[in-house]
Amino acid sequence: MYFPTSAARQLSTVPALPDVPLCNVLYSEPSPRKSLFCALTKDALTIWRVRPSAPLAHLARSETSLIEHGDNLAATWSPDGSRIVIQTTFSFLVLVTVDYIPDTSAYQPPDVAQGAQPNFLAGPGEGLALQSLSLAFEGVICAEGQVLSVSPRKYHILFSTSSPPAIQRIPWPSYDESDGENDYTQRSLGGYDTWVLNDHELPWLVDSDVTVTKVLHSPVGVETWITSDGRAYFVRLQENAQMEKPTVDPDNEDESRDGDFGSRRNHANGKRRSSGDSPASHEHHWQGTCIHNFKIPRWVQKSRHVERDGSGERPPIYVEPRRAVEVAVNARFSLVAVGTYSGSIEFTAFPAPDGPIPMPQTIDVPNPYNRPRGKVSKMEWSSDGYVLAVGWEHGWAIFSVAGRCLASGFGVDDTVDSERFQDAFMHGVKDFFWAPGNFELVVLAQSTPNHPDGQIFILPFAKSATTSQHSPDNTRYAFLQMDDRALVYRGADQPDMSVINPESDVWQHIKVPQAYLASNWPIRYSALSNDGRLVAIAGRRGLIHYSSTSGRWKLFSSITQEQAFAVKGGLLWFHHVLIAGVEVSKSHQIRLYSRDQELSNQNVLHREMISSPVVILSLVDNSLLVYTADNMLSHYLIIPTTESIKLHLCGSITFNGIIAVPSAVRVLSWMIPSAQKQLGDPVDDLAVATVLMMVGGQLVLLRPRKSGNQEVKYDMQIFADRIEFCWIHLRGIGALENSLWGYDGQGIRVWLNALAIEPPSSPDEAPQSVKESVNIPLDFYPLSVLMDKGIIIGAEHESVTRVNLPFVMFRHATSSHLFLHHVLRHYLECGHVREAVLLATHYQHLVFFGHALEILLHTVVESDAATGSGEATNATATTLPAVVAFLDHFDVALDVVVGCARKTEVTRWRQLFSVVGNPKSLFETCLNSGRLKTAGSYLLVLHNLEQLDENNKDSIRLLQSAIDAQDWQLCRELLRFLHSIDDTGMALRHALAQTSMTEDSKVLAAA
């Protein structure tokens, strides 16, 4: 779903200033909105713009400051982007203010003649001016104790310390306006809070004799602590509701947000408890839950007991391999990723209230060359929650939410020139973050002696369009997004052999217009039509659409109209009509645009006002399903009129009490009973439809039932957890209609006819998951299911190095997998031969149909490979006869049997032919029906089973038939076969004599 592509860009980290020494970058940190990031060296701070990648400001500390307060160690932004807190080696906190200067560009072009001024086209995200900003030292805070971790908040600076082991917080410095508008007098810092780590203050700690080494606060409000013993906790500060809150001027509250053109002054002027308050007088306390725990060996516990008693020698040092060093929280999927000291990665679900810690899943990290990884140095989820980037001291990797490795730096060959090689991030990562839109990963590499400059790299990615909008049409074709283009898989329109040929280049690259991307980067939504011919793109503001038939894009002619709205909730195509959920001036609408008309407000076909933001849109036939943030599902019918098209609201229903977090819904569809489809009124579909949703990683069905007052209520049935993507086929082929396909990171799980699955008798007895009908293991990442071709299409990452190149090249390769034999085997194992025949009939026209049946027979015959032949004989006693009975319905049966036999061990042939029939009889059938090549394949089987007579009469008969049919290629193969089974040549001479080939010069010349 995320695949690195092209090659990484390298940024020069040496400031273009005189007399500035070259220093390694120690730390990088993105701003809250990730449009900027800071690069920290031991004595200076540089602010960079992410797109375009350029430095905007540089601030160097004086020699006196370095001597008194220590070198720079780490830097963090305040939530409003107006300050940066620098942590030093001497446990001081240096405050730096960030002033955004409106209407001023950071770079000015040189004064040259207008005609000589070069004209450059702005790239994606480069249309806006490089806003100027300035950095200034605000002050220094001397912390009590050794500072371990700093986490700025809206009103306070929160930090952890050792000696004493505690959590402390202080308010931001506040100012009084005096004589002039820009003249501020700094007041004292006021009160501060301290929580000492002990059993009294924090009784929920597993071991209170620890320090908090890392304080992490996610944008969604989840706070995590990592303690010195390697455990991790979810924590929350329980505030007293009657506490006096800091007062903030509402007119200036958000002016200092990163990227806004306002004043930087946004300070809290409220009162806090003074530093003289005792801990016992705290009106608020911390609550916590351990999310990563482990058992310490008993000998270590005894050693610690001896050490605390002060007796005996110093115990041996023990380092727990599962010690947490990094934690990344995925709120969208309710998942926690823990990086350990040993370099392993563990995924853990959010703990239930008052429940035990869920069992972690250890993620497999491919390392084909067995290289050292080191401990985890950084982890971060993408903003959509689908992938996790992991950095180690000696490498990096990208994992999907279910734990599949999508890309890695460990699988690249070391055949590079170490002196010239520039991609230092391949050998180790210090820090990184996902850029806006998740199309790029900004990486801070480990410093190397050969290349002290250029530690920052930007790695581009291609990602599946379903990560931003999971609609049925986006899953019908493999559809990828890149930073400046869309990639559509066209193999479904190609001949059958082109689909399964990995060398076929069947991706169409659709370049997004530069004029739109320059000011509306990044791409937020992409939508593909049902036939794959129409594409719609929405960025920061506005939208555009494209037709592959004409090869032309349509954009808004009025920039004002384009910038007046933003797409929120997604895009869908209904034939040539584009449906978009939009936000306009804090109001919410569903708009309909025609592909045949120019984009403008005057050409909007229909506007439907809604009261809440759209979470997700879905289209089933002519029914539009709209799920909004107020937990409401609305059903609209799309009704074409003589002059336009409009939406008709059929009904709405609330999911309050069923769906806890509406924003977690990622997939929406429904399944209508057959009787309602054929006889019912579409207006009543909502009352009888079974609603399919993906909530976080859970694939659920909501089944309707009517209560006594005819009110419709829903019963939830969880099909599976940790599902990354799903496909639903309402118009499937034969038995695949109403089937659900879900990918769990290892393979595709298929539930056939999901409507027929019995719901649990009571909610209390509902299982955590429903056993799938078919499980299809895959060694690549699936992107689409081509239902009419019986193939799963996907991609896998490839990295290429060359001795003569100083960088690594990345690309994604297309892969495919047949699913037909998996589904057929399920029916045959259940004894449903008739259903299997009906399904296979829809695919018998495919070129590779016989190959699929051959795989089916081979897997059944070889199913005992892992358990032993005796047990397999019992297991396949009913399946193998069912498969043979199934094959007899198709003309390719004889070819399938002999093809399977030639790919199977000879020891299994007797078991196979005991069910299929005597190979001698099959040979005769092929010979009599004119299938000479198939009969030739059976000769090899007869020879190995020692069923050929000494005179080779069967071989001679087949040779004569081949001569009569003038199949000279088969004649050559038969002569070669006769020579191979008799070294003396007697069999070959006898065959030549019997067929009179030696007497016919024409035959010999042809053979």
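Of all the residues that make up region 696-709, how many are at pLDDT 85 or above, assigned to a strand (DSSP E or B) and over 17 Å from TRP751 (Cβ atoms)?
1
Being farther than 25 Å from LEU624 by Cβ and not assigned by the TED database to the domain that holds LEU838 is the requirement here; does GLY734 meet it?
yes
Out of contact with any strand residue (DSSP E or B) (no Cβ under 7 Å at 6 or more places or on another chain) and either of a type outside the set (Lys, Arg) or open to solvent by less than 10 Å² (accessible area, probe 1.4 Å) (or both): does that describe PRO495?
yes
Take the residues in region 710-744 that are out of contact with any Phe, Trp or Tyr (no Cβ under 7 Å at 6 or more places or on another chain) and among the polar types (S, T, N, Q); name whichever of them is modelled with the lowest pLDDT.
GLN710
Output the number of the condition that ALA660 fails; it satisfies all remaining conditions of (1) part of a loop (DSSP other than H, G, I, E, B); (2) crowded, with 23+ Cβ neighbours inside 10 Å.
(2)
Name every residue in region 329-375 that is in a loop (DSSP other than H, G, I, E, B), farther than 22 Å from SER799 by Cβ and of a type in the set (Val, Ile, Thr), in order of residue number.
ILE357
Identify, by number, the condition in (1) in contact with a helix residue (DSSP H, G or I) (Cβ under 7 Å, 6 or more places away or on another chain); (2) free of Cβ contacts under 8 Å to residues at least 60 places away in the same chain that PRO640 doesn't meet.
Failing condition for PRO640: (1).
I'd like to know if region 531-543 contains one or more residues that are open to solvent by 10 Å² or more (accessible area, probe 1.4 Å), of a type outside the set (D, E, K, R) and without any contact (Cβ under 8 Å) to a residue 24 or more places away in the chain.
Among the residues of region 531-543, not one is open to solvent by 10 Å² or more (accessible area, probe 1.4 Å), of a type outside the set (D, E, K, R) and without any contact (Cβ under 8 Å) to a residue 24 or more places away in the chain, which makes the answer no.
Of (1) farther than 28 Å from SER816 by Cα; (2) at pLDDT 90 or above; (3) open to solvent by less than 30 Å² (accessible area, probe 1.4 Å), ALA885 satisfies all except one. Which?
(3)
For (1) within 17 Å of LEU487 (Cα to Cα); (2) open to solvent by 10 Å² or more (accessible area, probe 1.4 Å); (3) at pLDDT 95 or above; (4) hydroxyl-bearing (Ser, Thr, Tyr), each residue gets a yes or a no:
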site: THR549; (1), (2), (3), (4): yes, yes, no, yes
site: ARG552; (1), (2), (3), (4): yes, yes, yes, no
site: LEU555; (1), (2), (3), (4): no, yes, yes, no
site: ALA566; (1), (2), (3), (4): no, no, yes, no
site: GLY570; (1), (2), (3), (4): no, no, no, no
site: HIS576; (1), (2), (3), (4): no, yes, no, no
site: ALA580; (1), (2), (3), (4): no, no, yes, no
site: GLU583; (1), (2), (3), (4): no, yes, yes, no
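Could you check region 888-906 and list, in sequence order, the residues that are surrounded by fewer than 18 Cβ atoms within 10 Å (Cβ to Cβ), in contact with an Asp or Glu (Cβ under 7 Å, 6 or more places away or on another chain) and assigned to a helix (DSSP H, G or I)?
none
For region 933-955, check the following and say yes or no: at least one residue is among the polar types (S, T, N, Q), closer than 23 Å to LEU887 by Cβ and modelled with pLDDT of 85 or more.
Yes, region 933-955 contains a residue that is among the polar types (S, T, N, Q), closer than 23 Å to LEU887 by Cβ and modelled with pLDDT of 85 or more.
State yes or no: is VAL387 on the phi < 0 side of the Ramachandran plot, at pLDDT 85 or above and under 22 Å from the mean Cα position of the chain (by Cα)?
Yes.
So which residues in region 52-71 are under 35 Å from the mean Cα position of the chain (by Cα) and open to solvent by less than 20 Å² (accessible area, probe 1.4 Å)?
Hits for region 52-71 are ALA54, ALA57.
For (1) in contact with an Asp or Glu (Cβ under 7 Å, 6 or more places away or on another chain); (2) in a helix (DSSP H, G or I); (3) within 26 Å of VAL620 (Cβ to Cβ), each residue gets a yes or a no:
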residue: ALA515; (1), (2), (3): no, yes, no
residue: ALA536; (1), (2), (3): no, no, yes
residue: ARG540; (1), (2), (3): no, no, no
residue: TYR546; (1), (2), (3): no, no, yes
residue: THR549; (1), (2), (3): no, no, yes
residue: THR560; (1), (2), (3): no, yes, no
residue: GLY569; (1), (2), (3): no, no, yes
residue: ALA580; (1), (2), (3): no, no, yes
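Hey, does region 135-154 have a residue that's modelled with pLDDT under 90, closer than 30 Å to ASP484 by Cβ and part of a loop (DSSP other than H, G, I, E, B)?
No, every residue in region 135-154 fails to be modelled with pLDDT under 90, closer than 30 Å to ASP484 by Cβ and part of a loop (DSSP other than H, G, I, E, B).
So which of ASP685, ASP681 ends up being at pLDDT 85 or above and exposed (fewer than 15 other Cβ atoms within 10 Å of the Cβ)?
ASP681
Only one of ALA629, ALA675, ALA664 is over 22 Å from TRP751 (Cβ atoms) and hydrophobic (A, V, I, L, M, F, W, C); which?
Just a single option satisfies the conditions, and that option is ALA629.
Are any residues in region 25-50 under 30 Å from the mean Cα position of the chain (by Cα) and over 17 Å from TYR100 (Cα atoms), and if so, which ones?
The answer is VAL25, LEU26, TYR27, SER28, GLU29, ALA39.
Looking only at region 377-388, count how many residues are assigned to a strand (DSSP E or B) and under 23 Å from SER663 (Cα atoms).
Here the count works out to 4.
The values are calculated or read from the model by the stated rules, or taken from the named source; none is laboratory data. These numbers come from a predicted model, not from an experiment. Positions of Cβ are generated from backbone atoms using ideal geometry, with glycine treated the same way; all protein chains shown enter the neighbour counts. Protein only, heavy atoms only, side chains kept; ligands, DNA and RNA dropped before computing areas. Shrake-Rupley method; radii C 1.70, N 1.55, O 1.52, S 1.80 Å.
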